[in-house]
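Just below is one structure, and these are the notes that go with it.
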Amino acid sequence: MNKIGVLTSGGDAPGMNAAVMAVARSAAMYGMPLVGIKRGYNGLLRKSTSVYDDLEEMRLDTVLDIADRPGTYLRTARCMEFMDPAWREVAANTLRAMDIDGLVVIGGDGSFHGAEYLCKLGIPCIGIPGTIDNDLPYTEMTLGYDTAVNVCVNAVRAIRATSRSHDRPHVVEVMGRHCGDIALTTAVSTGSEIVLLPEVEWSVEDVAARLNRQIAKGNTRATIVVAEGCWESMEPFDMYTFLNSHGKKCYEGEPISAERFASIMKRMCGMVEVRHTVVGYTQRGEIPTAKDSAFAFEAGHLAVRLLHDGISNQVIGIKNGKVFYTSIDTALQAKREFRRDLYDLVNNM
């Protein structure tokens, strides 16, 4: 390997910059120049008018200062064109034209599919899992997940304090479209009374009954933690008729949300108020925790070592607390084990 590249793709995750820094340090140790590709795979398709908007030589004097920054220095974006084989050829040709012999891809499953495509075109690639949702089953933890959970835990702890002061139940929405790990770990870590996830079907009536049981026991500040994707697993409920008949204007076509769900709980449970908070992008934009930073550091070094040793088509993860690597194909075919025991433990109060 004479020269390698690195890119961050998909949703940004805390620790991506730390991983880029580790890749740069390791590349320098092996005497290999490093090129940063901007905005994910878009940079390889040369979409910008200037090469400097797509590619950047990564020097240590610049990269060493980015490790603690949130977000991603290289920017990120989704690239639908990469689904087209013709565009993937363009990306491979860009790498060849730049004399880039190997690529480190930091992202989620879509990013790993892109890396696998490039491997088939003769471009050696190594993947580092960067996604806050923790939705890659082959690894115990993805880069950014620990930081996202800590942001949510701090938010829920603060919310529970004011909920207790005002005797108000609270609905807290956290990220997780198809994987409820952030919501589940947040609920377990904060003693929340109810958690709703995309993995488990649930009904509005059942949640209201559970909340009413909490209120009957004197718990007037119960917390309902919901993953953003939980609305897809909600059993049919006529939100429009219910809210309009109870004095809350709601128009056909408006989607269910944490705010409207809190309004429903307020009216079903006879509370003066049920409040809601959407934690949102603060989960992505926080400085990475020590756990995420340490994983990024070790993963970045391992990725470069694998490329240096001629090993390709691999992704890095954590198993039994230790960093390891496996083939991209094996990683993408892994089946997720949902912690139903923890889900039941939170909800069976």
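Quick look at the numbers
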read-out: Residues of the range 59-82 classified as over 20 Å from Gly114 (Cβ atoms), of a type in the set (A, V, I, L, M, F, W, C) and surrounded by 13 or more Cβ atoms within 10 Å (Cβ to Cβ), total; value: 4
read-out: Any hit, the range 40-47, residues being more than 17 Å from Leu95 (Cα to Cα) and basic (Lys, Arg); value: no
read-out: Of all residues in the range 317-349 being among the hydrophobic types (A, V, I, L, M, F, W, C) and farther than 17 Å from Ala303 by Cβ, the one that is surrounded by the most Cβ atoms within 10 Å (Cβ to Cβ); value: Val346
read-out: Any hit, the range 98-106, residues being touching a helix residue (DSSP H, G or I) at 6+ places or on another chain (Cβ under 9 Å), under 19 Å from Val35 (Cα atoms) and of a type outside the set (A, V, I, L, M, F, W, C); value: yes
read-out: The lone exception for Ala187 - which of (1) out of contact with any strand residue (DSSP E or B) (no Cβ under 6 Å at 6 or more places or on another chain); (2) of a type outside the set (S, T, N, Q); (3) part of a helix (DSSP H, G or I) it fails; value: (1)
read-out: Count of the range 267-290 residues which are part of a helix (DSSP H, G or I) and more than 19 Å from Val156 (Cα to Cα); value: 4
read-out: From Arg168, Arg157, Arg96, residue being outside the structural domain of Phe261 (by TED's automatic domain parsing) and either surrounded by fewer than 24 Cβ atoms within 10 Å (Cβ to Cβ) or touching a strand residue (DSSP E or B) at 6+ places or on another chain (Cβ under 6 Å) (or both); value: Arg96
read-out: Failed criterion for Met271 (all others in (1) surrounded by fewer than 16 Cβ atoms within 10 Å (Cβ to Cβ); (2) modelled with pLDDT under 95 hold); value: (1)
read-out: Checklist (1) touching a residue at least 60 places away in the same chain (Cβ under 8 Å); (2) in contact with a Lys or Arg (Cβ under 8 Å, 6 or more places away or on another chain); (3) not polar (S, T, N, Q) applied to Arg210, failing item; value: (2)
read-out: Single match in Glu232, Glu205, Glu140, Glu173 (criterion: part of a loop (DSSP other than H, G, I, E, B) and charged (D, E, K, R)); value: Glu140
read-out: Checklist (1) touching an Asp or Glu at 6+ places or on another chain (Cβ under 6 Å); (2) surrounded by 22 or more Cβ atoms within 10 Å (Cβ to Cβ) applied to Ala148, failing item; value: (1)
read-out: Residue satisfying condition, being exposed (fewer than 14 other Cβ atoms within 10 Å of the Cβ), under 22 Å from Leu184 (Cβ atoms) and either outside the structural domain of Glu273 (by TED's automatic domain parsing) or in contact with a Pro (Cβ under 9 Å, 6 or more places away or on another chain) (or both), within set Glu232, Glu201; value: Glu232
read-out: Residue satisfying condition, being closer than 30 Å to Val151 by Cβ, in contact with a strand residue (DSSP E or B) (Cβ under 8 Å, 6 or more places away or on another chain) and of a type in the set (Gly, Ala, Ser), within set Gly110, Gly15; value: Gly15
read-out: Failed item, numbered, when Ala294 is tested on (1) over 30 Å from Val207 (Cβ atoms); (2) in contact (Cβ under 8 Å) with a residue 60 or more places away in the chain; (3) part of a helix (DSSP H, G or I); value: (2)
read-out: Subset of the range 1-51 [in a helix (DSSP H, G or I) and more than 26 Å from the chain's Cα centre (by Cα)]; value: Ala27, Ala28, Met29, Val51
read-out: Any hit, the range 244-253, residues being in contact (Cβ under 8 Å) with a residue 24 or more places away in the chain and on the phi < 0 side of the Ramachandran plot; value: no
read-out: Candidate set from the range 107-144 (those that are within 17 Å of Gly300 (Cβ to Cβ) and among the hydroxyl-bearing types (Ser, Thr, Tyr)); member that is surrounded by the fewest Cβ atoms within 10 Å (Cβ to Cβ); value: Thr139
read-out: Of the criteria (1) at pLDDT 95 or above; (2) more than 24 Å from Asp146 (Cβ to Cβ); (3) assigned to a loop (DSSP other than H, G, I, E, B), which one Ala77 fails; value: (1)
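The values are calculated or read from the model by the stated rules, or taken from the named source; none is laboratory data. Computed from a predicted model, the values in this text were never measured in an experiment. Here Cβ is always computed from backbone atoms with ideal geometry, including for glycine, and neighbour counts include all displayed protein chains.
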